[in-house]
There are 2 protein chains.
Amino acid sequence: MKVTILGAAGFLGRKLAARLAQSGRLGGNDVAALTLFDAAMPASLPDAPFPVRCLQGDIGDPAAALPPGTDVVFHLAAVVSAQAEADYALGLRVNLHGALAVAEACRHLAEAGAKAPRVVFTSSVATFSGGQDAQLADDARQLPANSYGAQKAAAELLLADASRRGFLDLVSLRLPTVIIRPGRPNRAASSFFSAILREPLLGLPADLPVGDDFAAWVASPRRVVDWLVHAAALNTEGLGIDRGVNPPGLSVTVAHMLQALDGARPGAAALVRHAPDPDVAAIVGTWPAAFEPFRARTLGFSAHEPLADLVAAFIADDLDATRAERGVS
Amino acid sequence: MKVTILGAAGFLGRKLAARLAQSGRLGGNDVAALTLFDAAMPASLPDAPFPVRCLQGDIGDPAAALPPGTDVVFHLAAVVSAQAEADYALGLRVNLHGALAVAEACRHLAEAGAKAPRVVFTSSVATFSGGQDAQLADDARQLPANSYGAQKAAAELLLADASRRGFLDLVSLRLPTVIIRPGRPNRAASSFFSAILREPLLGLPADLPVGDDFAAWVASPRRVVDWLVHAAALNTEGLGIDRGVNPPGLSVTVAHMLQALDGARPGAAALVRHAPDPDVAAIVGTWPAAFEPFRARTLGFSAHEPLADLVAAFIADDLDATRAERGVS
């Protein structure tokens, strides 16, 4: 099974590549070769039981990363929400035209007689609106209230059309906000959801731009990697033209998160400072706080673990590396 | 008031330009100048009470048609459904990238300090699916089953985002199938809806690719021009980020249409031959046959006239010109 990860140098890309290297398998088959592609050169995987090819390139021209015979493409490359809001042209180029370029590369493969690869596309909760009171059903309309969400929703439509035409075989996962991100704060408007847990676990203060009762739809990186792997091997025959899946995340409030933090490290929540930020609140405030993900459950996407397990997994998987990266003792 | 029509040489573009020339007004203001833009040089309007500028150009570069001070842009340029299905790249180029180019031209105007023009975008019933049994509410999800619909739905999202950012002020009208088109059959999958009325009125036979009980969501060109003019002057403050409107068309069956035809010209329906076409049926069969357009009514979009009036209006407005164009005596 030949696999490609676009956006392989990012947080989820590295987690996914590490999972594949560890198991050597995807959807019941051996991974025969893995291509890692990103704007920054992805790190190789010296312990992988299969050959790994690392490519640096622009998502506007991903053809080199999709050789004939590619079975699965994970398209994770993206410009995140606050950055896409700040730099409209960059967001369009990566989030929209990047997806079109992936469809085009698949079309060229298909027209040359190669098989249509499974494309697993990471869309987002930000493609929806509805805000704090929302509890969205599987057929909820995508009415994005930010450029990132608009670009992701448009990309979903165009990739779904390419899938219908047989150029590729799509599964779009509208990912919840992924917490706890390791490393440093990034330019996602949702960055604080990770920061209010990660920074105190490092012994550092963190700013909270919204109130304690603010609710969000979240998922752990472990669970997201599970979903990506499941989507790669999903039988898509029953999906019809609807290739979008709202996976079963967790609806949690900030207060829940701070409780879980104190459960893992008593007193750590005291490092979180209230620092209202209307710009951040305006973006994340439109995102729906809960879904009813019946379709995803029917399709076998695994249910989410409790919040305490999510915090424990960060401590087990990522805290030491984050400490080292940040130079925190 | 400075007005631009993109796609001005098409059927609706010509009707709209003629309406503006006739009234000299738009939204309670005098039209000060009109720019007509299309891939084929649009015909001028010698009797218009305002200056008319005709431009031939590609929709990928519409900037010349949007001078600073433009108040209203009607973006009607499109590659129709069956053609977009047959030529994927052309459909993407015109229907998606054309809309992006319009947004980009408006962004340049806005960034140079000019006002954000009202953009009236013609989207389509083809952005929805659901088929014969559908009765779609205003918050129905757009799940297109053809490339034309996917491109239009993606364009709606990206134009709505440009509107939210203040580059333009959008109203997207998801037009029903417009009947009765004058002239010759075109490459829309829905072309037969016009042909089964127009051809018999010319004394010519017409093929019917679907059954008599097939239902469709239709509108007359007169009514569509009314809606376009209404959208140009609509107060958009109450719309929020949702700039899509499903206007109040008519849900009719083929049998209703043939009755109306016989009502206008007794015996004419006998010229319609059953000629099942699975390719055409596959496209139009996914389009919803009815809507519940409450939002459009609340916003003041005028209700549709009865089918008999639609047929009579074609006879009054277009039959002679079509006869002349087609060389039918």
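Readers should treat all values here as calculations from the given coordinates under stated rules, not as data from a laboratory. On a predicted model such as this, the values are computed, not experimentally measured, just so you know. Positions of Cβ are backbone-derived with ideal geometry, glycine not excepted, and every protein chain shown enters the neighbour counts.
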- Message: So if I take the centroid of the Cα atoms in region A:251-312 and the same for region B:291-329, what is the distance between those two points in Å?
- Response: 54 Å
- Item | Rg over Rh, two decimals, region A:1-62 (C-alpha only, Kirkwood Rh) | 0.95
- Message: About the Cα centre, and with charges only on the beta carbon of Lys, Arg (+1) and Asp, Glu (-1), how big is the dipole of the protein assembly as shown? Nearest 20 debye, please.
- Response: 620 debye
- Helix-derived [θ] at 222 nm for chain A: sum -39500 (n - 2.57) over DSSP H runs of at least 4, divide by residue count, nearest 500? -11000 deg cm²/dmol
- At 7 Å out from Cα toward Cβ: B:D133 inter-copy label distances (nm, ascending): 3.2
- Task: Specify which residue in the list A:S129, A:A112, A:P293 is farthest towards the positive end of the charge dipole of chain A, using unit charges on the beta carbon of Lys, Arg (+1) and Asp, Glu (-1), about the Cα centre.
- Result: A:A112
- Note on the structure: homo-copy label distances at A:A275 (7 angstrom along Cα-Cβ), nm, one dp, ascending, are 7.1
- Ranked from fewest to most other Cβ atoms within 10 Å of their own Cβ, A:D71, A:D38, A:D320, B:D309 fall in the order A:D320, B:D309, A:D71, A:D38
- Once the Cα atoms of helix B:221-232 and of chain B are each reduced to a long axis, what angle between those two axes, in degrees from 0 to 90 to the nearest 10, is obtained? 20 degrees
- Message: Taking the 0 to 90 degree range and rounding to the nearest ten, how far is the long axis of helix B:11-23 tilted relative to the main principal axis of chain B, both from C-alpha atoms?
- Response: 60 degrees
- Sorted by mean Cβ packing within 10 Å, highest first, what order do the peptides A:190-196, B:136-142 take? A:190-196, B:136-142
- Ordering of A:172-180, B:89-97, B:159-167 by burial proxy (mean other Cβ atoms within 10 Å per residue, highest first): A:172-180, B:159-167, B:89-97
- Query: Under 23 Å Cα-Cα from B:K2, which lysines qualify once same-chain neighbours fewer than 8 residues away are excluded?
  - Reply: B:K15, B:K115
- Relative to the other copies, what are the label-point distances for B:R297, with labels 7 Å from Cα along the C-beta vector, expressed in nm at one decimal and sorted shortest first? 3.7
- Message: Over region B:1-137, what portion of Cα pair distances is larger than 21 Å, expressed as a whole percent?
- Response: 44 percent
- Item | Rounded to 10°, Cα long-axis angle of helix B:307-317 versus longest principal axis of chain B | 70 degrees
- Message: Using only alpha-carbon positions, what ratio does the radius of gyration of region B:261-329 give when scaled by 2.2 N^0.38 Å?
- Response: 1.53
- Shape call, region A:174-329: gyration tensor on alpha carbons, a/c limit 1.5: prolate
- Item | Rounded if a/c under 1.5, otherwise prolate or oblate - region B:76-153, Cα gyration tensor axes | oblate
- Average other protein chain Cβ within 10 Å of Cβ, residues A:86-97: 2
- Calculated SAXS-style log₁₀ I(q)/I(0) at q = 0.14 Å⁻¹ - region A:2-323, Debye, Cα scatterers: -1.09
- Message: Please compute the average number of Cβ atoms from other chains found within 10 Å of each residue's Cβ in peptide A:160-170.
- Response: 3
- Rounded to a whole number, what is D in µm²/s for region A:121-173 from Stokes-Einstein with the Kirkwood radius over alpha-carbon pairs (37 °C, 0.692 mPa s)? 280 µm²/s
- Identify which of A:G60, A:G149, A:G113 has the largest mean-square fluctuation in a Gaussian network model of chain A, with springs joining Cα atoms closer than 10 Å. A:G113
- Calculate the translational D of the protein assembly as shown in whole µm² s⁻¹ from Stokes-Einstein, where the hydrodynamic radius comes from the Kirkwood formula applied to all Cα pairs, the temperature is 37 °C and the viscosity 0.692 mPa s. 124 µm²/s
- Let me know the charge dipole size of region A:2-323 about its Cα centre in debye, to the nearest 20, where only the beta-carbon of Lys, Arg (+1) and Asp, Glu (-1) is charged. 580 debye
- Task: Enter the mean number of other protein chain beta carbons within 10 Å of the beta carbon of each residue in B:49-59, as an integer.
- Result: 0
- Which of B:N246, B:G98, B:I180, positive extreme of dipole for chain B (C-beta unit charges): B:G98
- Item | Relative exposure of A:S251, B:S124, A:S220, B:S329, judged by other C-beta atoms within 10 Å (fewest first) | B:S329, A:S251, A:S220, B:S124
- Relative contact order (percent, whole number), region B:107-227, Cα cutoff 8 Å, 6+ residue spacing: 27 percent
- Message: How big is the dipole moment of region B:117-270 about its Cα centre under a simple scheme where the beta carbon of each Lys and Arg is +1, that of each Asp and Glu is -1, and everything else is neutral? Debye, nearest 20, please.
- Response: 520 debye
